[in-house]
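The values are calculated or read from the model by the stated rules, or taken from the named source; none is laboratory data. On a predicted model such as this, the values are computed, not experimentally measured, just so you know. Here Cβ is always computed from backbone atoms with ideal geometry, including for glycine, and neighbour counts include all displayed protein chains.
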Amino acid sequence: MSSWGSGLIRGLRVTWQNLARRSVTAQYPDAPPELPPRSRGVIALFEENCTVCMLCARECPCWCIYIDSHKEAVPPVEEGARERSTNVLDRFAIDYSLCMYCGICIEACPFDALEWSPEFEYAELDIRDLTHEKDRLREWMWTVPAPPGLDPAAAEPKEIATAQKAAEKAAAASQGQAAEETRDDGGGS
Amino acid sequence: MDVNNPRAATVDLPTPSVGPPADTGHVGALSKLAPEPARYVLNWGRRYSLWVFNFGLACCAIEFIATSMARHDFIRLGVIPFAPGPRQADLMVVSGTVTDKMAPAVRRLYEQMPDPKYVISFGSCSNSGGPYWDSYCVTKGVDQIIPVDVYVPGCPPRPEALLQGILKVQDKIAAESLGDRYPGSPPEREPLRKRLSAKALLRPLIGPKDHDDVA
């Protein structure tokens with residue numbers, strides 16, 4: 001059986017411990033918030049990478065991506081070849097009042113035109129402003145963080161490995177050429 | 001339930017209309033006709049004492065609760081989550097999926113709030129139906145039944161996003177004039193001749209449908 005007042009003392013001890021501890025409150029409007037890595041704030045568009053393949057709009061479970069495009073003829077590169085046609089993006093809009101932030105569009109994009117940005121400060125007074133058009137989605141692109149680094153023992157990315165192999169080959173070739181030249185010089189003297 | 005009985009299926013909804021309702025409410029003449037310096041002080045007082053009423057309907061309500069807790073703590077911004085009910089609240093946060101079944105209750109509790117009142121629509125579902133916009137039973141945005149001041153996007157939005165929405169409401173309150181917001185004249189007060197019966201207070205929002213044409 002506990003003696004009289006033991007609960008009070010225990011409560012006071014909790015109070016004192018919490019008084020001595022630092023406050024956990026994040027001072028959001030005054031200090032920038034500490035967001036977790038890869039946090040899903042807003043979807044950014046890198047327009048140059050978009051080929052208007054419509055995969056994102058078709059995969060979107062909310063149907064919140066609007067894409068308009070037209071075809072343009074590109075003059076042939078060689079003489080006598082037929083002209084090619086290419087897709088030109090007219091409108092790319094994401095309705096953030098519908099979006100469920102699943103990221104399927106980003107997964108589906110084969111050309112990395114869509115990226116997650118951690119920005120979240122885009123509450124609006126009018127719901128129509130929540131449909132972000134192409135230029136606004138481009139502005140989000142500059143807030144996209146750099147991709148996380150590789151694991152310590154990971155294989156090198158394909159691009160770097162290919163470039164390195166090419167550089168080594170070129171270096172070996174130039175070395176061989178130089179050696180041959182010196183041999184030629186030695187033979188000539 | 002007898003499906004053949006037309007009286008059994010008397011559930012009907014008010015026709016949703018986009019935009020604020022015709023009767024936008026009233027405030028007193030003093031706060032309406034206050035000169036600029038007095039209005040500044042009044043707005044300053046109102047923006048930092050927003051008694052909030054959380055209309056939590058789905059998972060977004062958890063984010064609202066997270067915002068009210070020690071980590072984000074919106075009492076720092078003067079948002080007080082201790083309103084006993086809508087009659088004591090200035091700000092309503094509709095967080096979650098508004099279904100057609102719930103819509104009359106949302107409307108009724110909004111009408112119970114005293115003017116001036118503000119509404120934050122929190123999350124995709126209450127903004128425009130969100131992932132459920134194609135559902136037969138979901139209201140496509142809470143702004144179809146009540147006027148909304150700030151839309152916070154997200155599914156669910158971060159607690160910081162709600163804080164930013166609250167800052168936006170506070171900026172709106174600081175810049176506004178109540179005379180512009182409530183242009184209508186106050187309703188003429190009828191002398192209370194008799195006590196309202198409990199039946200009048202508990203009257204349903206929608207009357208029973210006339211089924212003469214069905215029968």
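The residue of the stretch A:126-145 that is surrounded by the fewest Cβ atoms within 10 Å (Cβ to Cβ), among those that are of a type in the set (Val, Ile, Thr) and away from chain B (no Cβ under 14 Å), is A:Thr143.
Only a single item in (1) more than 10 Å from chain B (Cβ to nearest Cβ); (2) surrounded by 14 or more Cβ atoms within 10 Å (Cβ to Cβ); (3) assigned to a loop (DSSP other than H, G, I, E, B) is not met by A:Ala57, and it is number (3). Select from the stretch A:96-129 the residues that are aliphatic (A, V, I, L, M), part of a loop (DSSP other than H, G, I, E, B), touching a residue at least 24 places away in the same chain (Cβ under 8 Å) and touching a strand residue (DSSP E or B) at 6+ places or on another chain (Cβ under 8 Å) and list them in ascending order. A:Ala113 - this is the single residue of the stretch A:96-129 that is aliphatic (A, V, I, L, M), part of a loop (DSSP other than H, G, I, E, B), touching a residue at least 24 places away in the same chain (Cβ under 8 Å) and touching a strand residue (DSSP E or B) at 6+ places or on another chain (Cβ under 8 Å). Test A:Ala123 against the stated conditions and say whether it is outside the structural domain of A:Glu48 (by TED's automatic domain parsing) and surrounded by 10 or more Cβ atoms within 10 Å (Cβ to Cβ). Taking the combined requirement at face value, the residue does not satisfy it.
Within the stretch B:149-184, if we keep just the residues that are β-branched (Val, Ile, Thr) and farther than 17 Å from B:Val27 by Cα, the residue that is surrounded by the fewest Cβ atoms within 10 Å (Cβ to Cβ) turns out to be B:Val169.
Are there any helices (runs of 4 or more DSSP H) wholly within the stretch B:57-152 with 1 or more residues that are within 12 Å of another protein chain (Cβ to nearest Cβ) and in contact (Cβ under 8 Å) with a residue 12 or more places away in the chain, and if so which?
Where helices (runs of 4 or more DSSP H) fall fully within the stretch B:57-152 and carry at least 1 residues being within 12 Å of another protein chain (Cβ to nearest Cβ) and in contact (Cβ under 8 Å) with a residue 12 or more places away in the chain, they are B:60-68, B:124-128.
Looking at the stretch A:4-27, can you tell me whether even one residue there is without any contact (Cβ under 8 Å) to a residue 12 or more places away in the chain, in a loop (DSSP other than H, G, I, E, B), of a type in the set (Phe, Trp, Tyr) and surrounded by 10 or more Cβ atoms within 10 Å (Cβ to Cβ)? Scanning the stretch A:4-27 turns up no residue that is without any contact (Cβ under 8 Å) to a residue 12 or more places away in the chain, in a loop (DSSP other than H, G, I, E, B), of a type in the set (Phe, Trp, Tyr) and surrounded by 10 or more Cβ atoms within 10 Å (Cβ to Cβ). Taken over the stretch A:42-52, the residue count meeting the criterion of being in contact with a helix residue (DSSP H, G or I) (Cβ under 8 Å, 6 or more places away or on another chain) and either free of Cβ contacts under 8 Å to residues at least 60 places away in the same chain or within 14 Å of chain B (Cβ to nearest Cβ) (or both) is 2. A:Ile67 meets the conditions (1) in a strand (DSSP E or B); (2) touching a helix residue (DSSP H, G or I) at 6+ places or on another chain (Cβ under 6 Å); (3) touching a residue at least 60 places away in the same chain (Cβ under 8 Å) in every case but one. The failed one is (3).
Restricting attention to the stretch A:9-24, does a residue exist that is within 11 Å of chain B (Cβ to nearest Cβ) and aromatic (Phe, Trp, Tyr)? So far as the stretch A:9-24 goes, no, none of its residues is within 11 Å of chain B (Cβ to nearest Cβ) and aromatic (Phe, Trp, Tyr).
Does the stretch A:15-22 contain at least one residue that is outside the structural domain of A:Leu137 (by TED's automatic domain parsing) and under 26 Å from B:Ala161 (Cα atoms)? Yes, there is a match, as at least one residue in the stretch A:15-22 is outside the structural domain of A:Leu137 (by TED's automatic domain parsing) and under 26 Å from B:Ala161 (Cα atoms).
Exactly one residue out of A:Arg183, A:Arg138 is in contact with a strand residue (DSSP E or B) (Cβ under 7 Å, 6 or more places away or on another chain) and in a helix (DSSP H, G or I), and it is A:Arg138.
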